[in-house]
Amino acid sequence: MIDESHNPWQTLSGKEIYDNPWINVTEYEVINPSGGNGIYGKVHFKNFGIGILPLDEEMHTWLVGQYRYTLNAYSWEIPEGGCPLGTDPLETAKRELQEETGLIASEWQQLMPFHLSNSVCDESGYIFLARGLEQGESEPEETEQLQVKRVPFEEAYQLVISEKITDSLSVAAILRVKILILENKL
């Protein structure tokens, strides 16, 4: 049986490679679990990833479309954004939902925390379900050219199943809500 509290990696040294307001990249010289020398690159995120699945009484949700520079492709997603470390994830979720869709929710439920890509980075995320929705004005950031659409939740689920929605926050949120629906918990 493996002792889950034991770290089999040894860090010999670390060197910062890159730093900006959002991420820090460090290269480490390590001894791996088999005893071999190697390097390991780690991306440290200075924000939590926040995803919000708004769901109205008619079981519709809102998707946000935008061109993602990193993918060089257009992406449909749930509303999402970054939460600076040390900031309340729920407050960030409320701000991001209104900023991207104009929606204001009176009921909030944290669906799940998770790690986005734990083999190369330490980014953590939180997904929230937002209910009791009222429409207000959206206020996208200057880096966002957004298309927002209200769709039946089942359509969003089918977009995940057909691999048309691939964003990790969105996939996790939509699948989690689908499970809650199937278990009659929503």
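Readers should treat all values here as calculations from the given coordinates under stated rules, not as data from a laboratory. Source: prediction; values computed, not measured. Every residue, glycine among them, receives a Cβ derived from its backbone with ideal geometry; neighbour counts consider all protein chains shown.
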24 Å Cα-Cα threshold exceeded, pairs from 94/164; 149/178; 46/94: 94/164
Debye intensity ratio in log₁₀ form over the Cα atoms of the range 85-186, taken at each q of 0.10, 0.11, 0.21, 0.22 Å⁻¹: -0.31, -0.38, -1.45, -1.53
All-pairs Cα distance distribution in the chain, expressed in whole percent, bin size 10 Å: 9, 32, 31, 17, 10, 1
Low-density loop positions, GluC sites (Glu not before Pro), the range 26-58 - DSSP coil, at most 13 other Cβ in 10 Å: 57, 58
Kirkwood Rh in Å, taken over all unlike Cα pairs in the range 1-66: 15.9 Å
Within the range 103-176, GluC sites (Glu not before Pro) in DSSP loop having at most 15 other beta-carbon neighbours inside 10 Å: 137, 141, 142, 144, 163
Cα-projected label distance for residue 74 with residue 185, points at 7 Å along beta-carbon direction, nm: 3.5 nm
Relative contact order (%) - criterion: Cα under 8 Å, at least six apart; region: the range 6-79: 20 percent
Mean residue ellipticity (222 nm) of the chain, computed from DSSP H runs ≥ 4 via -39,500 (n - 2.57), nearest 500: -6000 deg cm²/dmol
Dipole magnitude of the chain about its Cα centre (Cβ charges: Lys, Arg +1; Asp, Glu -1), debye to nearest 20: 420 debye
Rough spin-label spacing in nm, given labels placed 7 Å along Cα→Cβ, for residue 139 and residue 31: 5.4 nm
The chain: relative contact order in percent, alpha carbon pairs under 8 Å with at least 6 residues between: 21 percent
